[in-house]
Structures are given as structure tokens and as C-alpha cells.
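Undergrad: This is the structure, below, for whatever I ask next.
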Protein chains: 2
Amino acid sequence: MTNGTLYAVGVGPGDPELLTLKAARILGRADVVFTAASPKNDHSHALDIARAHLAPGAAVERLEFPMTRDRAVLTAAWEAAARRVREVLASGRDAAFLTLGDPMTYSTFGYLLRTLRRLAPDARVEAVPGVTSYQAAAAATLSPLCEAEENLTIVSGIADEEQLAAALAGADNAVVLKAYRNLPAIRRVLARLDRGTRVVAVSRLGMADEALWTGLDAVPEKLPYFSLLLVLREREENGPDGP
Amino acid sequence: MTNGTLYAVGVGPGDPELLTLKAARILGRADVVFTAASPKNDHSHALDIARAHLAPGAAVERLEFPMTRDRAVLTAAWEAAARRVREVLASGRDAAFLTLGDPMTYSTFGYLLRTLRRLAPDARVEAVPGVTSYQAAAAATLSPLCEAEENLTIVSGIADEEQLAAALAGADNAVVLKAYRNLPAIRRVLARLDRGTRVVAVSRLGMADEALWTGLDAVPEKLPYFSLLLVLREREENGPDGP
């Protein structure tokens with residue numbers, strides 16, 4: 001039996017002002033705030049954003065997960081994390097699990113949710129959506145992501161070249177997240193698309209060393225961790241079929 | 001010469017609490033607030049959400065645009081809207097253009113932006129991203145949209161059957177916005193995909209008559225205006241390759 005509620009809180013893309021009013025309110029009442037951490041990456045940008053909104057007595061706890069593809073190790077890590085969450089909820093306390101961006105978009109929250117559902121089927125869980133990095137990049141560069149009957153495909157640079165090519169074959173517009181991974185493969189796939197598209201690379205948006213490049217040829221050989229590509233149609237003034 | 005700034009403000013998917021802190025701040029300082037209206041649809045949900053945050057003296061103005069595919073009519077309407085925005089900016093006032101959801105995601109803002117760029121190339125324009133309807137639907141149903149190397153494709157029901165089929169052929173996960181349009185064609189395309197996917201239909205999320213259906217067979221023949229489909233992979237507890 002658990003009495004508390006777990007809130008998966010999207011804290012937005014990095015700019016502390018892109019937090020929602022709801023996220024701010026939920027963070028202000030959480031008894032325990034969980035961050036996801038790995039041995040290689042123990043700094044939580046999400047916590048930096050959330051901190052100003054936390055209640056004075058809130059406890060902040062790291063949930064450890066290793067960066068590995070070893071299923072047994074992963075299963076054990078998520079099981080330990082879900083047990084700890086269950087323990088907090090069982091004590092009647094509310095908890096917030098922080099995610100950068102949106103908790104339903106390439107977040108670790110899904111793994112925690114499924115494990116918790118197995119260990120504590122009755123646990124109350126709510127998610128608070130947040131603005132994603134690619135929406136912030138589109139806004140910062142005034143680049144509409146999709147209009148009228150166009151589609152938009154979002155892929156991750158951790159996919160391999162074949163997966164990327166298949167995903168982008170039917171895409172009018174695309175976002176490539178984690179573009180620092182597999183950048184040579186991403187370049188080859190985009191070069192083959194050969195459409196009237198505009199490529200904008202955005203790196204470390206909103207941070208002191210933010211950088212922007214327009215055109216695939218202008219993008220450097222290597223990109224830092226927080227980098228994404230927008231691959232967007234050139235549009236006429238009133239669009240293919242009007243507003 | 002224009003001295004004011006035009007802010008394209010995403011007010012989020014409908015829940016007034018899913019507005020960002022930045023949107024609230026910008027709305028609180030805007031001298032003029034523009035809403036997009038058509039003769040058939042003169043009620044602005046975006047204004048309902050924004051109203052609590054407007055400065056006491058803020059002027060609210062409708063920018064009219066007709067629901068037509070007649071290019072000459074559309075061009076004239078956007079030209080009139082952009083001229084009015086230019087006039088406000090030239091007087092040194094700041095203006096906010098409201099959009100439900102996000103201003104870069106299937107918003108009319110792109111058309112206004114391109115017309116304004118032509119009429120007033122020096123106009124200062126900024127966009128404030130917002131949470132989209134499909135992110136809110138994913139959060140409300142605790143349905144992760146994409147994980148690890150999976151992709152996500154967003155399409156609009158205003159696309160025809162061939163466009164939908166092409167867009168969804170390589171999609172691991174999909175969102176169908178405006179699912180009230182072309183629902184029979186959407187059904188046929190999804191039925192042909194024949195993957196281990198879970199379909200969730202969400203209608204009028206956050207409103208008094210909100211409705212949810214799970215499974216394509218459970219979705220009724222007709223859906224109301226504010227309806228979307230989530231078409232998502234079934235996932236194992238720790239995902240295809242772990243977190």
C-alpha cells in the first residue's frame with residue numbers, strides 16, 4: 001500500500017523560465033525530489049532548474065543508474081530505484097522525479113514507471129509535461145517545425161544509419177536529437193535526402209557557450225553533448241495550402 | 001522602423017497551469033495581445049488561458065483569417081494582419097500573438113512571421129515555446145512517446161491517406177493530430193501497419209467532456225474537433241537497450 005504520489009516532472013529544456021506553473025507548484029510541495037544520476041554524469045541540470053522552487057525541507061536524493069547495455073545490471077538498478085520510490089510513497093510522502101525537457105520524450109522515466117508498476121501496482125503516479133529541447137531550438141531560431149499537412153519526425157542520434165534512413169525517408173521535417181552521436185552517419189543520411197531543406201544545428205542552447213550553425217556544410221565535425229539538428233522545409237509565404 | 005517586439009507566445013495545451021513562467025511574464029508586459037480568429041471560430045481558447053496574466057491596460061485584438069484555400073484571400077488576410085502588427089510595433093508597443101500549444105508546431109504563426117519579415121524586415125520577433133497537446137495526452141495517460149533509439153512521427157489528420165501512409169511507414173511511434181479529419185483513412189493506414197502498437201485516442205483533454213479510448217477498435221466513428229491519437233510501441237520493462 002502506497003499513500004504518496006510520484007510526480008514525473010518535466011523541468012523544460014534548460015532556461016529556468018521555461019518551467020510550467022504546474023511544475024513549479026508540484027515541486028513546491030514535494031517531500032522528496034529524485035534525480036537520475038550515473039557514475040559518469042553526476043551533475044543534474046534538472047536539479048539546477050528545480051532548486052529555486054523546492055520546499056525548504058525537501059529531501060533531494062539521487063537514483064543511480066549505470067550507463068550500460070547489460071540487462072541484468074540495468075534491471076537491478078531500476079529495481080533498486082523503484083523500491084526506494086515505493087518506500088517513500090509508502091511512508092505517505094509525495095515525491096518528484098525530475099527530467100530535463102518532457103518526461104514522455106526520450107526520458108528515463110518510462111523504465112522507472114514500468115518497474116514501479118510491477119512492484120507497486122497501486123502506486124499513484126502523475127506526469128507533468130514540459131517543453132522539449134527541440135521546441136526551444138525552433139523558438140530560438142524562429143523555425144516552424146511543421147505546418148498544415150506536413151509531418152515531423154523526431155529521431156535520436158543513438159539510432160544507427162539504417163534506422164535513421166528508414167525513419168527519415170518519409171519525413172517532411174525532422175529533428176535529430178543527440179546529434180553528437182553518429183554525426184558522420186547522420187550527415188550521410190541527410191545528404192541523401194536531397195530535398196529543399198534548411199539544416200540548423202543548435203548546441204548547448206541557453207548556456208554561456210551556446211552555438212548555432214545554418215546549413216549542413218557549416219556544422220563542424222564534432223558537436224558537444226547537448227546538440228541537435230533541425231532539418232526543415234523551405235516554405236512559401238502562405239504555405240502550401242494556406243493557414 | 002519598428003521599436004516594439006512581437007512575442008509569439010505558446011500558452012500550452014489547455015490546462016492553464018501548463019503555461020510557462022516565461023509566457024506568464026511576457027503576457028504580463030504586453031501592450032497589445034493578438035488572437036487569431038476566423039468567422040467560423042471566433043472563440044479563443046488561447047485567450048481564455050492567457051487572460052489571467054494580462055496587464056490591466058492590455059488591449060486585446062483579433063487578427064481575422066478566413067478558413068479557405070484561396071491563395072489570394074489568404075495572402076490579403078495575412079498581409080492585413082502583418083500590417084496591423086507592424087503598426088503596433090512602430091508605435092513602440094510590445095505585442096503578444098497567442099497560440100494554443102507551441103508556436104512552432106502546426107501554428108498559424110509561421111504565416112504571420114513570413115509576411116511580417118517581408119513588410120518589416122527589421123521587426124524584433126521572439127517566440128516562447130509551449131507544451132503541445134500530444135505531450136499533455138502522453139502525460140495524462142502515462143504513455144512514453146519515444147525511448148532509446150526509437151523514433152516519433154507527428155502527422156496531421158488534414159494530410160491525405162497517401163501522405164499518412166508514407167509518413168508512418170518508418171515510424172516506431174506516432175501522433176495523429178486533428179484525428180477528427182480523415183478518420184476512416186487514418187484507421188486504414190494504422191490497421192495496415194500491423195505492429196505491436198497500442199492506440200490511445202484522447203479527445204478534449206482537460207475539458208469537462210474529456211474522453212479516452214484504448215485500442216483502435218474502441219475509437220468511435222466520429223471524434224470531436226480537439227482529438228488526437230497516440231500510436232505507441234509496447235515496451236518491455238527495461239526497454240530494448242536499457243535506459
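Undergrad: For segment B:127-191, compute Rg over Rh where Rg is the Cα radius of gyration and Rh is the Kirkwood radius from the inverse mean 1/r over Cα pairs. Intermediate results must be reported in sequence, preceding the final value.
TA: Working: Rg = 12.6 Å, Rh = 12.8 Å.
Result: Rg/Rh = 0.99.
Undergrad: Right, another one. Return the Cα extents of chain A along principal axes one, two and three, sorted largest first, each rounded to a whole Å.
TA: 57, 39, 35
Undergrad: Of all beta bridges DSSP finds with both residues in segment A:5-128, what is the antiparallel percent, to the nearest 5? The partial results should precede the final answer.
TA: Values: 2 of 21 bridges.
Antiparallel bridges make up about 10 percent of those DSSP assigns within segment A:5-128.
Undergrad: Rounded to whole Hz and in sequence order, give me ³J(HN,Hα) for segment A:206-218 from the Karplus expression 6.51 cos²θ - 1.76 cosθ + 1.60, θ = phi - 60°, writing x for Gly and Pro.
TA: Here the 3J(HN,Hα) series is x, 9, 4, 9, 3, 9, 10, 10, 10, x, 4, 5, 7 Hz.
Undergrad: Mind listing the long-range amide H neighbours of residue B:198? Cut-off is under 5 Å, sequence gap 5 or more, other chains count too, H placed in the peptide plane at 1.01 Å from N.
TA: So residue B:198 has HN proximity to B:232, B:233, B:234.
Undergrad: Subtract the Cα-Cα distance of residue B:225 and residue B:119 from 0.36 nm times their separation in residues, and report this length gain in nm to one decimal. Can you show the working numbers first?
TA: Working: separation 106, 0.36 × 106 = 38.16 nm, distance 3.39 nm.
My answer for the length gained is 34.8 nm.
Undergrad: Separate question: Could you check the simple spin-label distance between residue B:55 and residue B:208, using points 7 Å along Cα→Cβ, in nm with one decimal?
TA: About 3.5 nm, to one decimal.
Undergrad: A further question on this structure: To one decimal place, what orientation-averaged projected area in nm² is obtained for the convex hull of the Cα set of segment A:50-146? Mind dumping the intermediate values first?
TA: Working: hull surface 33.9 nm².
Mean orientational projected area (segment A:50-146, Cα hull): 8.5 nm².
Undergrad: Using a 10 Å cut-off around each Cβ, can you sort B:7, B:111 from fewest to most neighbouring Cβ atoms? List each step's numbers first, then the result.
TA: Details: B:7 24, B:111 27.
Taking fewest neighbouring Cβ atoms as first place, the list is B:7, B:111.
Undergrad: With charges only on Cβ, +1 for K and R and -1 for D and E, what is the dipole size of segment B:5-128 about its Cα centre, in debye, rounded to 20? All intermediate terms of the calculation are to be shown ahead of the outcome.
TA: Working: 16 positive and 14 negative charges, 76 e Å.
In total the dipole reaches around 360 debye.
Undergrad: State the Kirkwood hydrodynamic radius of the protein assembly as shown in Å, one decimal place, computed from all pairs of distinct Cα atoms. Show your work: numbers first, answer last.
TA: Details: mean 1/r = 0.0434 Å⁻¹.
Answer for the protein assembly as shown: a Kirkwood hydrodynamic radius of 23.0 Å.
Undergrad: Once you place label points 7 Å from the Cα toward the Cβ at residue B:162 and residue B:236, how far apart are they in nm?
TA: The answer from the label model is 4.0 nm.
Undergrad: What nm distance separates the two modelled labels at residue A:84 and residue B:17, each placed 7 Å from Cα along Cα→Cβ?
TA: Inter-label distance under the simple model: 2.6 nm.
Undergrad: How many angstrom lie between the Cα centre of segment B:33-97 and the Cα centre of segment A:118-163?
TA: First find each Cα centre; the distance between them is then 28 Å.
Undergrad: If you restrict to DSSP beta bridges whose two residues both lie in the protein assembly as shown, what percentage is antiparallel, to the nearest 5?
TA: Numbers: 36 of 86 bridges.
Antiparallel bridges make up about 40 percent of those DSSP assigns within the protein assembly as shown.
Undergrad: Another question, then. Could you estimate the translational diffusion coefficient of segment B:133-233 from the Stokes-Einstein equation, with Rh from the Kirkwood formula over C-alpha pairs, at 37 °C and 0.692 mPa s, in whole µm²/s? Before the final figure, lay out each step's value.
TA: Values: Rh = 13.4 Å.
Here the translational diffusion coefficient equals 246 µm²/s.
Computed from the coordinates by the stated procedures, all read-outs in this text should not be read as laboratory data. As the structure is a prediction and not an experimental result, all values here were calculated from the model. All Cβ positions, glycine included, derive from the backbone under ideal geometry; neighbour counts span all protein chains shown.
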